[in-house]
1. Counting only residues that are under 16 Å from the mean Cα position of the chain (by Cα) and either under 18 Å from Met104 (Cα atoms) or surrounded by fewer than 19 Cβ atoms within 10 Å (Cβ to Cβ) (or both), which one in region 67-84 is modelled with the lowest pLDDT?
2. Which one is nearest to the chain's Cα centre (by Cα), of the residues in region 100-124 that are assigned to a loop (DSSP other than H, G, I, E, B) and polar (S, T, N, Q)?
3. Please specify each residue of region 1-34 satisfying the condition of being surrounded by 15 or more Cβ atoms within 10 Å (Cβ to Cβ), without any contact (Cβ under 8 Å) to a residue 60 or more places away in the chain and not in a helix (DSSP H, G or I).
4. Give region 125-183 a look and list any residue that's hydroxyl-bearing (Ser, Thr, Tyr) and part of a strand (DSSP E or B), or say none.
5. So is Ser117 touching a helix residue (DSSP H, G or I) at 6+ places or on another chain (Cβ under 9 Å), of a type in the set (Gly, Ala, Ser) and not assigned by TED's automatic domain parsing to the domain that holds Ala46 or not?
6. Go through (1) under 15 Å from the mean Cα position of the chain (by Cα); (2) touching a residue at least 40 places away in the same chain (Cβ under 8 Å); (3) within 21 Å of Asp53 (Cβ to Cβ) and name the single condition Ser158 misses.
7. Working only within region 52-66, note down all residues that are part of a helix (DSSP H, G or I) and either within 20 Å of Arg98 (Cβ to Cβ) or modelled with pLDDT under 85 (or both).
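The values are calculated or read from the model by the stated rules, or taken from the named source; none is laboratory data. Note that the structure is a prediction, hence the values are computed from the model and not measured. Because the Cβ atoms are built from the backbone with ideal geometry, glycine has one as well, and the counts that use them run over all protein chains shown.
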Amino acid sequence: MKMVGINIKKQREEQALTLRALANKLGISASFLSQVESGKSSPSLATLKNIADALSTTIGNLIGEAQAVEDNPVVRAGERKYIQEVGKGITLFLLTQRDTNKQMEPLLFKLKEGATSGSRSYKHFGQEFVLVLKGSIEITLNDLTYILKKGDSIYFNSSVPHAFKNIGSDEAEAVWVITPPTF
């Protein structure tokens, strides 16, 4: 996660934003943002998305995906680019190569027991599709809660406040497709 912090700081400084100004814009403390930039703390997926939006960039740019352009459209299982600890206990794997013409972003989410998207619902522009491959995931849309198990899927507008968590006793896995692409 240290590279993510370095890239956030670089983007922030290029836009002549102080640490405090960006933190205020995000509604987080300047000390937490400082810890993220120094690699001492990891932001939740929702916070990372908010940081990317505030800096007019993508999560992919913040994680350094743009630094490795690939010509091969195939992503082998053992070669997936991943981010560890996007939120506590959540590992994201990119299922595609970088492509500026991408219309969607397929991801593999692995959630450890009890892992959650955060304490509050979040929303953003776009749409999402989730297919659970393993375990049980609870997805809340507004005030409605849906329990998804292996083989279940859900499709929703990302503008609806949403949150998710692993409610099983083992790791959960899901293919998560997001539009527009953020990585």
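1. Our first condition is that a residue be under 16 Å from the mean Cα position of the chain (by Cα); within region 67-84, this holds for 80-84.
Keeping just the survivors that are either under 18 Å from Met104 (Cα atoms) or surrounded by fewer than 19 Cβ atoms within 10 Å (Cβ to Cβ) (or both) gives 80-82, 84.
Numbers: Arg80: 82, Lys81: 81, Tyr82: 73, Gln84: 55.
That would be Gln84.
2. Residues of region 100-124 that are assigned to a loop (DSSP other than H, G, I, E, B), as a first pass: 100-104, 112-115, 117-121, 123-124.
Now drop any that are not polar (S, T, N, Q), which leaves 100-101, 103, 117, 119, 121.
Numbers: Thr100: 18, Asn101: 20, Gln103: 17, Ser117: 9, Ser119: 15, Ser121: 14 Å.
Checked region 100-124; the qualifying residue nearest to the chain's Cα centre (by Cα) is Ser117.
3. If the condition is that a residue be surrounded by 15 or more Cβ atoms within 10 Å (Cβ to Cβ), without any contact (Cβ under 8 Å) to a residue 60 or more places away in the chain and not in a helix (DSSP H, G or I), then Leu17, Ile28 are the ones that fit.
4. To start, the set of residues in region 125-183 that are hydroxyl-bearing (Ser, Thr, Tyr) comprises 136, 140, 145-146, 153, 155, 158-159, 169, 179, 182.
Residues satisfying the conditions are Ser136, Thr140, Thr145, Tyr146, Ser153, Tyr155, Thr179.
5. Numbers: touching a helix residue (DSSP H, G or I) at 6+ places or on another chain (Cβ under 9 Å): yes; of a type in the set (Gly, Ala, Ser): yes; not assigned by TED's automatic domain parsing to the domain that holds Ala46: yes.
In short, yes.
6. (2)
7. Let us first name the residues in region 52-66 that are part of a helix (DSSP H, G or I), namely 52-54, 59-63, 65-66.
If the condition is that a residue be part of a helix (DSSP H, G or I) and either within 20 Å of Arg98 (Cβ to Cβ) or modelled with pLDDT under 85 (or both), then Ala52, Asp53, Ile59, Gly60, Asn61, Leu62, Ile63, Glu65, Ala66 are the ones that fit.
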